[in-house]
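A short worksheet on the structure shown next.
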């Protein structure tokens with residue numbers, strides 16, 4: 001694999017979608033220096049500075065205003081994904097959103113969802129223990145998994161079960177007794193939706209001894225978290241989740257797993273995985289597909305009018321992945337689940353919308369080469385290593401219509417994968 005293909009592959013996996021200029025710069029640096037730059041940016045994130053946190057208006061109408069707040073946050077987050085210079089940090093934040101999958105459909109609070117997004121952003125790169133402790137106090141997660149209903153008189157097992165099964169250990173590494181005892185450790189947390197704070201009410205908390213994963217004591221939420229974080233299965237579980245989303249849907253090679261699971265931070269784990277052998281083709285998630293296309297076509301969502309932003313949101317809805325609205329606590333699917341007939345049709349429709357908004361400099365870049373060379377120029381623009389002969393045959397008749405050429409390129413099988 002040539003250096004350009006190596007750095008293009010690295011950037012496609014580590015970011016929401018690299019631009020041709022970013023690949024050019026990475027090619028001149030080489031793969032090793034590119035990896036260093038991704039994980040140790042040399043300058044502050046100017047792109048993130050251009051996308052400050054949204055200001056949410058007051059809730060006057062419970063039905064419409066809460067929906068509008070969620071829409072505003074979703075539009076802001078897409079803009080941040082596109083604009084951010086520190087792409088590893090942004091993409092990892094979205095990875096954690098799918099991991100700690102929490103939906104506004106049940107939480108019904110823009111401020112709580114935005115606060116959770118910010119917690120994930122603050123803890124995205126660091127040690128997993130800090131994130132686990134923070135998320136057990138996260139108001140949105142507590143509401144989402146019925147933590148407010150979890151009292152010493154009537155323990156609710158939802159959060160304890162998902163904490164072990166989906167967030168820290170995985171299936172097979174705990175018992176039903178551990179779930180029951182873990183639920184008791186998490187009792188007493190309540191959320192004040194007016195202040196957006198979660199606090200422990202001692203009167204609702206079970207302060208009696210509990211046995212969790214072979215350890216006995218008067219454990220509270222932090223004690224429960226510490227037990228989970230001490231389990232050998234934990235680091236392996238996180239490595240496997242990262243590998244699935246960033247590298248391959250095949251199992252992690254054992255030597256890679258052994259190296260990655262000993263790393264002290266999530267960023268270090270991910271760096272180890274991205275530099276490892278064994279990557280296979282992955283299907284882009286819809287958000288990744290859209291954010292990458294917006295970056296490559298130089299379209300900033302925040303500069304679109306309200307109707308155009310709604311078109312992007314509608315496209316993600318049709319594709320089946322809307323930020324802040326995962327379908328279940330298990331998060332979004334992966335792989336071929338995104339390659340249905342309906343998804344293909346939705347991608348074509350959204351590709352037409354994007355091509356129609358492409359600025360003139362992008363079109364001029366394609367027009368600057370003779371029509372027979374435009375499919376190759378399109379591949380470079382969209383950071384596709386190469387189109388197959390079949391795709392080139394479909395692109396060639398559209399070579400003189402650059403917007404149609406863009407549409408076909410964005411909707412191509414090669415662009416759907418990374």
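Search region 61-83 for residues being without any contact (Cβ under 8 Å) to a residue 60 or more places away in the chain and surrounded by 20 or more Cβ atoms within 10 Å (Cβ to Cβ), and hand back the single one that is nearest to the chain's Cα centre (by Cα). That would be 80. Only one of the numbered conditions (1) more than 19 Å from residue 246 (Cα to Cα); (2) loosely packed, with under 14 Cβ neighbours inside 10 Å is not met by residue 3, and that is (2).
What helices (runs of 4 or more DSSP H), lying completely within region 177-282, carry at least 2 residues that are within 28 Å of residue 146 (Cα to Cα) and at pLDDT below 95? Lay out the reasoning, then the answer.
On the way: elements: 221-229, 233-246, 254-260, 266-274.
In region 177-282, no matching helices (runs of 4 or more DSSP H) lie anywhere.
Being modelled with pLDDT of 95 or more and closer than 20 Å to residue 186 by Cα narrows it down to one residue among 84, 101; which is it?
Details: 84 fails: closer than 20 Å to residue 186 by Cα.
Checking each option against the conditions leaves just 101.
A single entry from 395, 381 fulfils the requirement of being in contact (Cβ under 8 Å) with a residue 40 or more places away in the chain, outside the structural domain of residue 6 (by TED's automatic domain parsing) and out of contact with any strand residue (DSSP E or B) (no Cβ under 6 Å at 6 or more places or on another chain): 381. For residue 91, the test of being outside the structural domain of residue 329 (by TED's automatic domain parsing), surrounded by 19 or more Cβ atoms within 10 Å (Cβ to Cβ) and in a helix (DSSP H, G or I) is passed. Scan region 360-413 for residues that are part of a loop (DSSP other than H, G, I, E, B), buried (at least 16 other Cβ atoms within 10 Å of the Cβ) and on the phi < 0 side of the Ramachandran plot and the total you get is 6. When residues in region 350-367 are screened for being in contact with a helix residue (DSSP H, G or I) (Cβ under 7 Å, 6 or more places away or on another chain) and over 14 Å from residue 300 (Cα atoms), 7 of them pass.
Does residue 200 count as surrounded by fewer than 19 Cβ atoms within 10 Å (Cβ to Cβ) and within 17 Å of residue 134 (Cα to Cα)? Judged against the criteria, residue 200 is a match.
If only one of 154, 101 is in the same structural domain as residue 176 (by TED's automatic domain parsing), free of Cβ contacts under 8 Å to residues at least 24 places away in the same chain and outside any helix (DSSP H, G or I), which one is it?
Being in the same structural domain as residue 176 (by TED's automatic domain parsing), free of Cβ contacts under 8 Å to residues at least 24 places away in the same chain and outside any helix (DSSP H, G or I) holds for just one of 154, 101, which is 154.
Would you mind finding the one in 323, 333 that is part of a loop (DSSP other than H, G, I, E, B), at pLDDT below 95 and within 24 Å of residue 11 (Cα to Cα)?
Values: 323 fails: at pLDDT below 95.
Residue meeting the stated conditions: 333.
Restrict the check to region 222-244 and report whether at least one residue is out of contact with any strand residue (DSSP E or B) (no Cβ under 8 Å at 6 or more places or on another chain) and over 22 Å from residue 174 (Cα atoms). Yes; the residues of region 222-244 include at least one that is out of contact with any strand residue (DSSP E or B) (no Cβ under 8 Å at 6 or more places or on another chain) and over 22 Å from residue 174 (Cα atoms). When each of 20, 48 is tested for being without any contact (Cβ under 8 Å) to a residue 60 or more places away in the chain and surrounded by fewer than 17 Cβ atoms within 10 Å (Cβ to Cβ), the lone residue that passes is 48.
Residues checked against (1) over 18 Å from the mean Cα position of the chain (by Cα); (2) surrounded by 20 or more Cβ atoms within 10 Å (Cβ to Cβ):
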residue: 285; (1), (2): no, yes
residue: 291; (1), (2): no, yes
residue: 302; (1), (2): yes, no
residue: 322; (1), (2): no, yes
residue: 326; (1), (2): no, yes
residue: 335; (1), (2): no, no
residue: 339; (1), (2): yes, no
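Residue 115 passes every criterion in (1) under 22 Å from residue 197 (Cα atoms); (2) crowded, with 18+ Cβ neighbours inside 10 Å apart from (2).
The values are calculated or read from the model by the stated rules, or taken from the named source; none is laboratory data. Source: prediction; values computed, not measured. So basically every Cβ, Gly included, is an ideal-geometry build from the backbone, and we count neighbours across all protein chains shown.
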